[in-house]
Amino acid sequence: MRATPLQRFLATLFGWGTALLLFFPIAWMVLTSFKSERDAITPGLAFTPTLDSYRDVFARADYLNFAMNSIVISLGGTVLALLFAIPAAYAMAFHPTERTRGTLLWMLSTKMLPPVGVLVPIYLLFRTVGMLDTRSGLVIIYALMNLPIVVWMLFTFYKEVPHEILEAGRMDGAKTAGEVWYLLLPLTLPGVASTGLLSLILCWNEAFWSLNLTSAGAAPLTAFIASFSSPEGLFFAKLSAASTMAVAPILVFGWFSQRQLVQGLTFGAVK
Amino acid sequence: MSATLSPGASAPPHDTEAAPGRKVGSLLVMPSVIVLLAWMIVPLVMTLWFSFQYYNLVSPETRGFAGIDNYQYLVTDPDFWVSLENTLILLVSVLVITVGLGILLAVVFNQPFPGRNIARVLAISPFFVMPTVSALIWKNLLMHPIYGVFGALANTMGFNAVDWFAQFPLSSVIAIVSWEWLPFALLILLTAVQSLDHEQREAARMDGAGVIAQFFFITLPHLSRAIGVVIMIETIFLLTVFAEIFVTTSGGPGNATTNLAFLIYARALLQYDIGGASAGGVVAIVLANIVAFFLVRSIARRLEV
């Protein structure tokens, strides 16, 4: 269907207008991060750019600790979830039984348990076994939190692999493990990668468990940024610099995984 | 949780596996099922159990069966009803804003215009910003009455700057959360709009349907399913908004922005009232389950195994 010039003009106007409006807070954050603290409190465009805020944030002895925690916990949670999910998704996609459908839907329904509903027992359990404020504690929580989504996404990808290829492999004598390793993993590597990416994004931005279960030791960047909420921590330029560094990597990941995101977050209900 | 579904509704007719294959299959699924089962059942039972107990971490000597005291205390506490009200206001407002604007934007972004892909990437970016960053950037850089952009804009236009978080605390939180979730709605709805059959619209146009008529009689019905999914998924997350409130208002001023999630957090980790917090937790679980029931049902209809 050809658009009339007026339609095209309106689409351009509204499309770009809303895009810029929605992106403005992020752009402003990046801009402010290059200001000095003195310039940061006057909302204007005239300023001399400086890297002072970045230097200051890095100079904080604990910044790298927070960043490292974010990286380790997100990667750990994602890898752990994949380790559990790959065999499960494989089995359900290629050896479905009469229970598969129910199992998949049940897994999805576990995702509906609101975290705040189980905050108390998890907190007490963690306290009892000494896992409060540990990286491994959050790794376990994040893996479990994302496991249903990860299984679902992988299942969707595995379903699209033609069965004939596996048949051929079986004829050639490939056992189940070999089948997964030599045939499925290469075939579905893009799927596994984008599933992992989505899990990374969700772990990186998670801010309920990280705020409630960690303090100084294992706190990731979400908690580090939250520490700027105290009145004495109100340094706009430093807040912006720290935020920019916390957001930038995952924003880029996000741009690359838009499509998979739709699949993963809607459990394949919207295609 | 699991009571919401009836497993094994349809057996797959095509792929009949030999016995050994099935055994290996369930062996591979088992680990995931077991850890998820533990992750769900253990805390759930504990929450239920604590909700019937006197249990305060500050006074460990008073413990024992509380009957429905925790629940009674909860429902007679005005804060609880305010938090429930705030939870629902937040939920409904954000849903209306994000779904309404999301549909509009999805239609706009479905039109060809120069630089559309870049514009789309910019528009969905807020979704990838971590909640603590979103909240603090909005609160300090944009909404701050003295140093913020909005205040400066108001001043140049001759208005007085508004102290958003003092005067309109809940609306401020709603604005931030809507900004985070509008991209999600846009992304899902755009995907749905793009799958719309072009020939159908072309036919409607030939028959003289204008842009508006096309939207209401073709696009909107086509989107109904996606809209339902967006509403349900957002609801699950919006019922327990936490970080945004935690870093901006801490539930205040007073209890103006205390939602159920924040109330439970405050009960448990600030007042150490484990029993009371657990009773609140049970309420949150029940609320979420009402939504989950419909979500799982609508996804089940689409699922092919």
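Values quoted throughout were computed directly from the atomic coordinates according to the rules given, and no laboratory measurement underlies them. Keep in mind that what you see is a predicted model, and the values were worked out from it rather than measured. Please note: Cβ atoms are built from the backbone with ideal geometry, for glycine as well, and neighbour counts cover all protein chains shown.
The loop-placed GluC sites (Glu not before Pro) in region B:210-305, going by DSSP, that have at most 10 neighbouring Cβ atoms within 10 Å of their Cβ come out as B:GLU304. Seen from a random direction on average, the alpha-carbon convex hull of region A:60-265 projects onto 13.7 square nanometres.
Scaling the Cα radius of gyration of region A:5-52 by the globular reference 2.2 N^0.38 Å produces a ratio of 1.62. Within the listed set A:ALA143, A:ALA248, A:ALA168, the residue fluctuating most in the Gaussian network model of chain A (springs between alpha-carbon atoms under 10 angstrom) is A:ALA168. Applying the Kirkwood pairwise sum to the alpha-carbon positions of region A:196-253 produces a hydrodynamic radius of 12.2 angstrom.
Peptide B:106-118 has a mean of 5 when you count, residue by residue, the C-beta atoms of other protein chains within 10 Å of its C-beta.
Look at A:LYS238, B:LYS23 and count the other Cβ atoms within 10 Å of each Cβ; fewest to most, that gives B:LYS23, A:LYS238. For the residues of A:217-225, the average number of beta carbons from a partner chain within 10 Å of their own beta carbon is 3. Considering only A:LEU221, A:ALA168, A:GLN263, and ranking their Cα positions along the charge dipole of region A:153-271 that arises from unit charges at the beta-carbon of Lys, Arg, Asp and Glu, the one farthest toward the positive end is A:LEU221. Packing around the peptides A:75-81, A:62-68, taken as the average count of other Cβ atoms within 10 Å per residue, puts them in this order, highest first: A:75-81, A:62-68. Just so you know, the averaged projected area of the alpha carbon convex hull for the protein assembly as shown sits at 30.1 nm².
When shorter helices are ignored and each DSSP H run of at least 4 residues is given -39500 (n - 2.57), the per-residue value for chain A at 222 nm works out to -23000 deg cm²/dmol.
Let me spell out the model: positive unit charges on the Cβ of Lys and Arg, negative unit charges on the Cβ of Asp and Glu, origin at the Cα centre of the protein assembly as shown. What dipole size does that give, in debye rounded to 20?
Charge dipole, the protein assembly as shown, about its Cα centre: 740 debye, nearest 20.
Legend: helices of chain B (whole DSSP H runs) are marked when their alpha-carbon atoms reach 27 angstrom or more along the helix axis and their mean Kyte-Doolittle hydropathy is at least -0.5; marked are B:19-51, B:78-110, B:169-194, B:274-302.
Tell me, what are the semi-axes, in whole angstrom and largest first, of the equivalent ellipsoid of region B:231-284 as set by the roots of 5 times the Cα gyration tensor eigenvalues?
Working: eigenvalues 68, 50, 12 Å².
Each semi-axis is √(5λ); the values are 19, 16, 8 Å.
Can you find, among B:LEU260, B:ILE212, B:VAL173, the residue farthest towards the positive end of the dipole of region B:158-305? Put +1 on the C-beta of Lys and Arg, -1 on that of Asp and Glu. Toward the positive end, the furthest listed residue is B:LEU260. The tail of the calculated P(r) for region B:130-228, taken as Cα-Cα distances beyond 21 Å, holds 55 percent of the pairs. Find the centroid of the Cα atoms in region A:140-168 and in region A:1-30, then give the distance between the two in whole Å. First find each Cα centre; the distance between them is then 36 Å. The largest-to-smallest principal axis extents of the Cα set in region B:78-302 are 65, 51, 25 Å.
The Cα center of region B:82-105 and the Cα center of region A:192-271 differ in position by 22 Å.
Averaged over peptide A:82-94, the number of partner chain Cβ atoms lying within 10 Å of each residue's Cβ comes to 5. Every helix of 4 or more DSSP H residues in chain B counts as -39500 (n - 2.57), and over all residues that averages to -21000 deg cm²/dmol at 222 nm.
Seen against the Cα atoms of chain A and their longest principal axis, helix A:119-129 is set at about 80 degrees.
For B:LYS139, the lysines whose Cα comes closer than 28 Å to its Cα, not counting residues fewer than 8 places off in the same chain, are A:LYS35, A:LYS238. Using the Stokes-Einstein relation with a Kirkwood hydrodynamic radius computed over Cα pairs, the translational diffusion coefficient of region A:153-249 at 4 °C and a viscosity of 1.567 mPa s comes to 76 µm²/s.
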